[in-house]
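Take a look at the structure below.
The values are calculated or read from the model by the stated rules, or taken from the named source; none is laboratory data. Since we're looking at a predicted model, the values are computed, not measured. Positions of Cβ are generated from backbone atoms using ideal geometry, with glycine treated the same way; all protein chains shown enter the neighbour counts. Areas reflect the complete protein model, heavy atoms only, side chains present, ligands, DNA and RNA absent. Shrake-Rupley method; radii C 1.70, N 1.55, O 1.52, S 1.80 Å.
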Amino acid sequence: MIRIRTLIFACSIVVALAACGDDDDGSTLPPVDQGPIEALLFTRTLGFRHASIDDAVAFFAGLGPEEEINVTHTEDPTIFEDAALEAFDVVVFANTTGDVLDDDQQAALQRFIRSGKGYIGAHSAADTEHNWPWYGELVGAYFISHPLLPVEVEVTNEAPEHRSTQHLPETFLFTDEIYNFDRNPRRDHAILLTVDEEGFIFPNIPDTPSMGDDHPIAWYKEFEGGRSFYTNLGHRPETWADPVFQQHLLEGIRWAAQPIAYSRVVLTTLPENPMEIAVAGDGRVLYIERTGELRIWLPETGLVVEAGALPVDTTSENGLLGLTLDPNFDRNSRLYLYHSSPIADPAPEGPAGRNILSRFELNRDNTLDLDSRSDLLEVPSERECCHEGGSLAFAPDGTLFISVGDNTTPFPAAGYAPLDERPGKENENSQRTAQNPFDLRGSILRINPDGSIPSGNMFPRDGSQGRPEIYTMGNRNPFRIAVDSRSGRLFWGEVGPDAFADGPRGPRGYDELNFADQPGNYGWPYCIGPNLAYSEYDFETMEVGDPFSCDGFEPSLLAYDYLTVTDLALGDAFDDESVAAFTGRTAIVGTFYDAPADAPFALPDSFRNKPLMTEWTRDIVAAFDVLDDGSVEPLRRLVPWETFRRPMDLAVGPDGALYVLEFGTAFFGNNPDAQITRIEHSATGRLSPVAQASPSASAGTAPLTVSFSSDGSRAPGRGDAVAEYEWDFDGDGAIDSREANPSYTYEETGLFRASLTVIGTSGRRSFPSAVDIVVGNTAPQVEIVSPRGDVTVELNTMVDLRGQASDLQDSEIDCDDLLWDVRLGHNAHSHPLFALSGCETRFRAFLGGHDDQGTIFFAVELSYTDKGGPNGEPELTGRDSIRINVR
């Protein structure tokens, strides 16, 4: 073992210290008084041995004196045990190959990373431990081949703010051996460098395909409490003598030696059909359920309370759809809800339904004051599929924006523009709404908080030329909107039609990111994306006419389809290039991130004062912005190493934390993995501890003994650890236990809310993690009896459904109380079709005119809600679900 004491530059061996600053994480350079970084350089090989290993060792031995780094070099794997690794901040795998660690040594490396330490991989570190999946996740991707010879390639710097690449130009030439990998690391890493494969000398060794147009060669991420940095460079001896590479690697080491800067915390898993979220100035998190409930997460207890519920019609895509807080909510407690009122009896003329914007006040006890209701706006709704919109957002001038979809059935148009003008097909013709100035649908509306009309909308306030509430028109489904809190610029995601390919009737389907500084017409259903025109079409004769003119329509800021990689951060709709892993596309603009820079958990500058979008089907959260020429800057993903569960909406907290409303992975709603998460960022690693409470049972008869677990609780950031546990079993605010994993017996019946708070050695406290315990009632058992298994049906045939339910507390179950939710699944989203009831029922397997491109299936859920316990204990619901494939 060779121990080398080295001194290296704090920032750059090429550029001046003054050029250094915050990197893309917002993490700053480590202060000098932290002392030297202790690095373990590991170069063991059990396969091909690179001649450049000697050059790597010599490089670390010959660094010059600006800041100390102590490097210990070894090829002895026995150093991978806890006591020895405790001395190091990072491990550097430089040109290792083969299975270099045994099982015990692998476990020690895992514990090292999970304790908040760092990993750096250089070149064939990606050709190491192929049989250890955890290492594959740590390094990011495995080597599979390389071109016949090292070659000069053009390298693109994708992260000029990151400390390891800030010295590099936007593009540059570099000669080295470039690897092809078994996966594209972009899906769960932040990419630093990519290469252009032009000039590769083929065949590859071994003879495998190259990676193609998107070929990363350097990346980083935070991983299981620590940090991971990998660079493909380092094959040639000359590389280790190149100052460009040297600085790239050294700054990668410095980045990996710092504590993690991000933490994602699950606040609650109680959401079921969540739609929109808002955060109050005191940290309360308000969210709405499509089924009509307004709920509030309370930061002081971790509990979720139901503030109130509105009667809503949930037919198709209706329900409680929109929520926003008054700009002066902290003083006046006003909030705004957009909801689908139940159909009146008798029904009104024209569309049967009404979607209503109402203003309410919230009482001091967190209950919704229903008597304070003031209805400000009514929008007609056919109460048929689809596109209701409903997002709400205030502008800095105090006006309120409301997004409204075109309320048109898209399926008969087979993924193109719905333009059916035949009598009786009105709901299949988007022209009647999105291009009708006297219809509020297919528009984004703008009103004053009292419902009056401000100046500056598309049409005069007297209504002579169109509805004066309309700000933009020609919208299909502007599902979520956000407003720049400084300029008032409006942003939204436009969810587009489903066509996979261009055709005689017009362009393929696109989702869009859009913005507006003034009123405008965005073209739907005549044009889409960058003003690509559809053609007139006779749905009776199926004759295609002339294309529409797009003159006067506003083009999209960014448009992307299923198959084309328009922006590298978005990728395409195929995960791992597998048809079976098709995701889809759903563009959402969740919020405008305007937290002040000095907020304790503010995101880095590269995300500040920008709109944040989500890709709902691809589980992406990213920042974007409009450049001076009106084009979009490349999207920048936020924490790409985190796995989101269909992010539905975003909100900014008063402390700079970002809140993510996650719908959950299944199509049905009522998802067990729906949740609200909170993302903290701290450049210094001063992150909140995280409590995670898990009960052995959440319901049962009295007496009920519950074993509680704190597994998963943590204190992120190097040097911090969970030191104390505070359990409150019954929600009375008193500490009932300080054990890590206690048990408690509930003798009485009722609803009890247990919570855990953890305290780190730093003294920082977590938010409480709360769970509901129902004593005196048990959840019903629900089963879909038939069909079962891998079921495939023919189109236009009848599908028979049979189910059953049992419940210990309900002596008899009425078949009418068994509820079936039948949805048409398409790729990664679904459309509600039928709400049925009964122990036995049936439906016709039809597409409703939906095109049969992509993956088509029926998602069927059966649920039963019991009558509660005998002494008024809360109701509980059981569910079962199946997927029925379509031939």
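At-a-glance table
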item: Residue list for segment 713-751, restricted to those being open to solvent by less than 40 Å² (accessible area, probe 1.4 Å) and under 22 Å from A697 (Cβ atoms); result: S713, E726, W727, D728, F729, S737, A740, P742, Y746, G750
item: Residue within segment 197-205 that is under 19 Å from L570 (Cα atoms), part of a loop (DSSP other than H, G, I, E, B) and out of contact with any strand residue (DSSP E or B) (no Cβ under 9 Å at 6 or more places or on another chain) present; result: no
item: Among the candidates S164, S115, residue that is over 25 Å from R49 (Cβ atoms), open to solvent by 30 Å² or more (accessible area, probe 1.4 Å) and not charged (D, E, K, R); result: S115
item: Residues within segment 123-141 that are closer than 26 Å to R254 by Cβ and out of contact with any Ser or Thr (no Cβ under 6 Å at 6 or more places or on another chain), tallied; result: 10
item: R608 closer than 30 Å to H831 by Cα, open to solvent by 30 Å² or more (accessible area, probe 1.4 Å), in contact with a strand residue (DSSP E or B) (Cβ under 9 Å, 6 or more places away or on another chain) and in contact (Cβ under 8 Å) with a residue 12 or more places away in the chain; result: no
item: Condition check for G760: farther than 28 Å from I676 by Cα and open to solvent by less than 20 Å² (accessible area, probe 1.4 Å); result: no
item: Those residues of segment 463-499 which are in a loop (DSSP other than H, G, I, E, B) and open to solvent by 30 Å² or more (accessible area, probe 1.4 Å), in sequence order; result: S464, Q465, R467, S485, R486, S487, R489
item: Residue selected from segment 793-806 under the condition in contact (Cβ under 8 Å) with a residue 60 or more places away in the chain and open to solvent by less than 60 Å² (accessible area, probe 1.4 Å), by the criterion farthest from F846 (Cα to Cα); result: A805
item: Selection within segment 118-161 - more than 22 Å from H50 (Cβ to Cβ) and open to solvent by 60 Å² or more (accessible area, probe 1.4 Å); result: P133, E137, E154, P160, E161
item: Residue in segment 422-436 that is open to solvent by less than 10 Å² (accessible area, probe 1.4 Å), in contact with a helix residue (DSSP H, G or I) (Cβ under 8 Å, 6 or more places away or on another chain), under 30 Å from E543 (Cα atoms) and among the hydroxyl-bearing types (S, T, Y) present; result: no
item: Among (1) modelled with pLDDT of 95 or more; (2) in contact with a Gly (Cβ under 9 Å, 6 or more places away or on another chain) - the single one F411 does not satisfy; result: (1)
item: Residue within segment 638-645 that is more than 22 Å from R163 (Cβ to Cβ), in contact (Cβ under 8 Å) with a residue 24 or more places away in the chain and in contact with a strand residue (DSSP E or B) (Cβ under 9 Å, 6 or more places away or on another chain) present; result: yes
item: Residue selected from segment 393-411 under the condition crowded, with 23+ Cβ neighbours inside 10 Å and hydrophobic (A, V, I, L, M, F, W, C), by the criterion farthest from R823 (Cα to Cα); result: L400
item: Complete set of residues in segment 282-305 that are acidic (D, E) and under 25 Å from the mean Cα position of the chain (by Cα); result: D282, E289, E293
item: Residue satisfying condition, being farther than 24 Å from D54 by Cα, in contact (Cβ under 8 Å) with a residue 60 or more places away in the chain and of a type outside the set (K, R), within set G252, G226; result: G226
item: First in segment 695-721 and within 29 Å of L751 (Cβ to Cβ), second anywhere and part of a loop (DSSP other than H, G, I, E, B) and of a type in the set (D, E, K, R), Cβ under 8 Å, 6 or more apart; result: A702/E747; A702/E748; P703/E747
item: Any pair with Cβ under 7 angstrom, 6 or more apart, that starts in segment 377-395 at a residue that is without any contact (Cβ under 8 Å) to a residue 40 or more places away in the chain and ends at one that is among the charged types (D, E, K, R); result: E378/R354
item: Residues satisfying the stated conditions in segment 591-630, i.e. β-branched (V, I, T) and over 30 Å from A666 (Cβ atoms); result: V626
item: Qualifying residue in segment 624-643 (condition: under 15 Å from G493 (Cα atoms) and open to solvent by less than 10 Å² (accessible area, probe 1.4 Å)); result: yes
item: Residue in segment 505-514 that is touching a residue at least 24 places away in the same chain (Cβ under 8 Å), aliphatic (A, V, I, L, M) and either open to solvent by 40 Å² or more (accessible area, probe 1.4 Å) or assigned to a loop (DSSP other than H, G, I, E, B) (or both) present; result: no
item: Residue list for segment 437-462, filter: open to solvent by 10 Å² or more (accessible area, probe 1.4 Å) and among the β-branched types (V, I, T); result: I453
item: Some residue of segment 257-264 being open to solvent by less than 10 Å² (accessible area, probe 1.4 Å) and hydrophobic (A, V, I, L, M, F, W, C); result: yes
item: Out of D207, D176, sole residue that is of a type outside the set (S, T, Y), farther than 20 Å from A261 by Cα, over 29 Å from the mean Cα position of the chain (by Cα) and open to solvent by less than 30 Å² (accessible area, probe 1.4 Å); result: D176
item: Tally, over segment 407-435, of residues that are within 16 Å of P478 (Cβ to Cβ) and either polar (S, T, N, Q) or in a helix (DSSP H, G or I) (or both); result: 6
item: V71 vs. criteria under 24 Å from H248 (Cβ atoms), within 36 Å of the chain's Cα centre (by Cα) and either open to solvent by less than 20 Å² (accessible area, probe 1.4 Å) or of a type outside the set (K, R) (or both); result: no
item: Which numbered condition G849 fails, given (1) open to solvent by 20 Å² or more (accessible area, probe 1.4 Å); (2) modelled with pLDDT of 90 or more; result: (2)
item: Residue ID - nearest to the chain's Cα centre (by Cα), chosen from residues in segment 391-406 that are in a loop (DSSP other than H, G, I, E, B) and closer than 20 Å to G350 by Cβ; result: G405
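Each row is one residue, and each column tells you yes or no for (1) out of contact with any Cys (no Cβ under 9 Å at 6 or more places or on another chain); (2) open to solvent by 40 Å² or more (accessible area, probe 1.4 Å); (3) part of a strand (DSSP E or B); (4) of a type in the set (A, V, I, L, M).
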site: D282; (1), (2), (3), (4): yes, yes, no, no
site: V312; (1), (2), (3), (4): yes, no, no, yes
site: L335; (1), (2), (3), (4): yes, no, yes, yes
site: S340; (1), (2), (3), (4): yes, no, yes, no
site: P348; (1), (2), (3), (4): yes, yes, no, no
